[in-house]
Amino acid sequence: MTADVAVSRHADVPATRPTVAAATLVQLPRMRPDRLRAVADRWPDPVAALRAVCRGRAAAALVHADGPRSDAGRRRLAAEWATAADPDATARVLARRSTRVLLEGRPGYPIEDPLPDRPPYLLAEGEGLEALDRPRVAVVGTRAATPHGLADARRLGEALAEAGATVVSGLAIGIDAAAHEGALAAGGLVVGVVATGPDVVYPRRHVRLFDRVRSSGLLLSEAGFGTPPEPFRFPIRNRIIAALADAVVVVEAKVTGGTRSTAGHALDYGRDLWAQPGSVRNPAAEGCNRLVAEGALPLLDHAELIESLDLTPRGRHDPARPPVPAGAPRAVLAACGGEAATTDQLVGRTGLSPAEVATAAAILQKGGHLIRSRGTWWPT
Amino acid sequence: MLASVPSATLLGIDGQLVEVEVHISNGLPSYTVVGLPDAAVRESRERVRAALISSEVEFPKRRITVNLAPAGVRKSGAGLELAVAAGLMIVGGDLPSGCLDGVGLIGELGLDGTVRPVPGALALVDTLSRAGVGTVVVPAGNAHEASLVDGVAVRPTRSLGELRCCLKGEMPWPAPPDPPPGGAGPADADGMGDLSDVRGLAVARTALAAAAAGGHHLLLAGPPGVGKTMLAQRLPSIMGPLGRAEALEVTRVHSAAGRIHDGRLIERPPFRAPHHTASPPALVGGGSGRPHPGEVTLAHRGVLFLDELGEFPPRALDALRQPLEERVVRISRVPTSLELPADFLLVACTNPCPCGRGAPSCTCTDAQQDRYRRRLSAPLLDRFDLRVSVSAPGPDDGPGEASAAVASRVSAAVARQEARLADWPWRRNAHVPAGALERLVPLGPDADAAWRDAIRLNGLSGRGAARIRRVARTLADLADRPDVDPPTVMLAASLREDVP
């Protein structure tokens, strides 16, 4: 060892629990999933890994990671880690937040397949640890979902929860949140995999959803406490969603976007990939249709998916809706043709006056046949 | 020797009485103007001197002090020059000292002695008249405008020489020029086209009529090129002419802004369409020195049309909130603060999202849409009673109803509102406060149920609920229904959409 290698004041602390050692590694500055993976590959025992890091020897492990390119850069990072590693502080945070650390290869670690890029350690927060013991289905999709997509994701979440499956998703706006909401509403268990630290709520508007996920399931993160939303982490996070799931369902997705990466990982890992087909006029369905064209299973029926998991679908059918009244309401619903339409378009198609269309649409809205969103009527 | 001549200067859109005192005494020849003059007033020394000399009046070679009282008010513009020149002629002995008793003067001078028209003549003459001045001498170019003021004798004058002869009684006052033919709108309200030029857009047409009749602010959201702007620009064609009192108010505003050149009464509602690069002071008024009326004041009793609402600077839009709520705009500057009228109908257009396509074929990302929507603050959007999404007309959509037919329904609806609100301080349904809705817009049991359904299904706030109730009343007025029925409530609810 050369004299210029920084050595932590913890270098000689021999007895740290493996979970605390792992969390300390996660918490290191400029730690990234690939760097953590490289360290864990080099020293499979987290205590040994922490000891090596504290002695400033991490540079050797980083050669193959997407880390600093130069030796000097790696040495600087190793020195930074050696001084920053603080197992005592990490232990205090873990105790205060009741955060569990799931270690690769130990009981409780949810990804059974030895995938080469699975996260070596996962931070888990929440009451529902048993969520990981059930069949897990990832429900993912675009953030810019249509009201149809949101309703479908919600219904799928409900159906999966009622059949006893755990819904895994990313707690993002749009499809993710709708799937979580549906599962929670049906009293099911959910797992939210976040790309930030487990203590960070992103997006902010989901602060209540995060609380509900914590109380009826688990929040999983491979990033240290306080990690802010960094764009590069989101596609990487998607591999955990795919790895955790027994089946991945894409409800609505654009051709480009994060959902494609989840789908790609699902295929890499050999998971069943389902995609819900949609109208060719709906840009939010284009990604799904492509996936089906490329071989994904078309999700035509929830029962098919649930039976593929060896579960029994519990058909709680749609709540009874009043029949569509004859006359203007029926004409208006027919003029929608199953797609979204503005009042203007409905006036043009039916030949009714704006007042008549508005009245008919209000009746249909009250009966649950139409949803109104951003100036557009959506048939349910 | 001292002469005192009443005149007036503009403060915002109102006149401020100014007593022009001219004092001459022995001493080194000098000429000083005191009493908070602005640059244009100070420059007037040279114009007055040249105009007097050109008019063959000897400029007194003594110590001259011109005081503009009250000394604490900032004077602006060149409208005091005629009064200064008249005062100088009196102290110089060219005019008998009693010839200006009870006479006020306004006007700007040219170097050759001509008297040029000034902005705001209507307000200035009105101020002089209220101050007890029985006769007002005005530039010939302002004579028609000045004669709109009742109870004051207007004497037009073309030049300083003519004024001197008339005051001395050597020649009669010139007759006012022939009145220009009938009243009309400001130039920008003419030639706006007819509603029958626009195809389709049935819902937006309904909303446009409701806006014109009930004074409801209107937001049209839709893809580019479907005719939003065409439709909005035709709003003046369905609005009735202004009443005499309103027309005087509007003329006063436009006169003060220097936008009246023929002296006619403005009898059609103004239509103002500022470009989206407008700054906050350009919209609400202000500016350095004398506060100028902004677009909201120029649109008083008329329409303020903001195309591409999302492109306006957020600060300018937020500045609109207070005038929208109070229908006046308060401008505070260090020496003065003033209140300008701003009772306008706001009509705005916007695209539904950055790509312009709107649901269901929008290709914008969630973040892009969020950013776009954040440009329009919720408090501003909330002030639009009518928010309508517009889609492209279908191939079979023919030309719509002509303006004349809609205008007659609108004016009937306005008459019904005026009858209903005769004992109340509000002019239009849109102005009725929420507390008075229960009494002024009663709902039968069925309509009340429809109203409550609309609130529940659309998640309306208390304010939103009151807004659809007012709109429902206007729609019933347009359809000549004494009571608001359930379909009208549902139509009103459908005209308040969650756009953009």
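Just so you know, all these numbers are worked out from the coordinates, no wet-lab data involved. The structure displayed is predicted, hence computed values, not measured ones. Glycine gets a Cβ as well: all are built from the backbone with ideal geometry, and neighbour counts include every protein chain shown.
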Give the shape of the stretch A:226-276 as rounded, prolate or oblate, defined through the alpha-carbon gyration tensor: a ≥ b ≥ c are the square roots of its eigenvalues, a/c under 1.5 means rounded, and otherwise the shape is prolate if a/b is larger than b/c and oblate if not. oblate
Starting from 0 in steps of 10 Å, tell me what percent of the Cα-Cα pairs of the stretch B:47-138 lands in each bin. 16, 47, 34, 3
Among B:Phe59, B:Ala121, A:Ser261, whose Cα projects farthest towards the positive end of the dipole of the protein assembly as shown, with charges put on the beta-carbon of Lys, Arg (+1) and Asp, Glu (-1)? A:Ser261
Output needed for the stretch A:204-290: three equivalent-ellipsoid semi-axes, defined as square roots of 5 times the C-alpha gyration tensor eigenvalues, in descending order, whole Å. 25, 16, 14
Where the convex hull is taken over the Cα atoms of the stretch B:2-168, what is its projected area averaged over directions, in nm²? 8.3 nm²
Modelling each spin label as a point 7 Å along the Cα-to-Cβ direction, I'd like the B:Asp397/B:Ala422 distance in nm, to one decimal. 4.1 nm
Anisotropy class of the stretch A:328-379 from Cα gyration tensor, a/c 1.5 cut: rounded
Please report the antiparallel percentage of DSSP beta bridges with both residues in the stretch B:2-168, rounded to the nearest 5. 60 percent
If you split all Cα-Cα distances of the protein assembly as shown into 20 Å bins from zero, what percentages do you get per bin, shortest first? 13, 30, 25, 19, 11, 2
For the stretch B:253-367, what number results from the quotient of the Cα radius of gyration and 2.2 N^0.38 Å? 1.24
From the residues B:Gly102, B:Gly12, B:Leu82, which one has its Cα farthest along the dipole of the stretch B:2-168 in the positive direction, the dipole being from +1 and -1 charges on Cβ of Lys/Arg and Asp/Glu about the Cα centre? B:Leu82
Given a Förster distance of 35 angstrom, what is the FRET efficiency for A:Glu294 paired with B:Arg357, based on the Cβ-Cβ distance and rounded to 0.05? 0.85
Estimated distance in nm for a label pair at B:Arg321 and B:Ala404, the labels positioned 7 Å out from Cα along Cα-to-Cβ: 4.5 nm
For A:Glu112 and A:Asp88 in one chain, what is 0.36 nm times their gap in residues minus the Cα-Cα distance, to one decimal in nm? 5.6 nm
Treating only the Cβ atoms of Lys and Arg (+1) and Asp and Glu (-1) as charged, compute the dipole magnitude of the protein assembly as shown about its Cα centre; round to the nearest 20 debye. 1760 debye
Translational D (Stokes-Einstein, µm²/s) of chain B at 37 °C and 0.692 mPa s when Rh comes from the Kirkwood sum over C-alpha pairs? 131 µm²/s
Hydrodynamic radius of the stretch A:121-308 per Kirkwood, over alpha carbon pairs, in Å: 15.8 Å
Calculated Rg and Dmax of chain A using C-alpha coordinates, Å: 24.5, 89
If Lys and Arg each add +1 and Asp and Glu each add -1, what is the summed charge of the other residues whose beta carbon sits under 11 Å from the beta carbon of B:Gly400? -1
The stretch A:98-172 and the stretch A:186-216 have their Cα centres apart by a whole-number Å value of 11 Å
Over all distinct Cα pairs, what is the inverse of the mean 1/r for the stretch B:99-153, reported as the Kirkwood hydrodynamic radius in Å? 11.3 Å
What percentages, rounded to whole numbers, describe P(r) for the stretch A:18-96 computed over all alpha carbon pairs with 5 Å bin width beginning at zero? 3, 19, 30, 27, 13, 5, 2, 0
Projected label distance in nm at A:Thr350 and A:Val63, using a 7 Å step from Cα toward the beta-carbon: 7.4 nm
Where does the longest stretch of chain B lie that holds no GluC sites (Glu not before Pro) found in a DSSP loop with 16 or fewer other Cβ atoms within 10 Å? B:171-307
Between helix B:366-375 and chain B: long-axis angle, C-alpha atoms, 0 to 90°, nearest 10: 30 degrees
Take peptide B:491-497, look around each residue's Cβ out to 10 angstrom, count Cβ atoms belonging to other protein chains, and average those counts. 6
Kirkwood Rh over Cα pairs of the stretch B:373-431 into Stokes-Einstein at 20 °C, 1.002 mPa s: D in µm²/s? 141 µm²/s
What is the Cα convex hull volume of the stretch B:43-100 when expressed per residue in Å³? 97 Å³
Applying the gyration tensor rule to the Cα atoms of the stretch B:426-500 (axes a ≥ b ≥ c; rounded if a/c under 1.5, else prolate if a/b exceeds b/c, else oblate), the class is rounded
Just how large is the dipole of the stretch B:2-146 about the Cα centre, in debye to the nearest 20, putting +1 at every Lys and Arg Cβ and -1 at every Asp and Glu Cβ? 400 debye
The FRET efficiency for A:Phe232 and B:Arg463, from their Cβ-Cβ distance with R0 = 60 Å and rounded to 0.05, is 0.90
Relative packing of B:341-350, B:32-41, A:256-265, A:195-204, which averages over residues the other C-beta atoms within 10 Å, highest first: B:341-350, A:256-265, A:195-204, B:32-41
The stretch B:2-168, relative contact order [Cα under 8 Å, separation at least 6], %: 26 percent
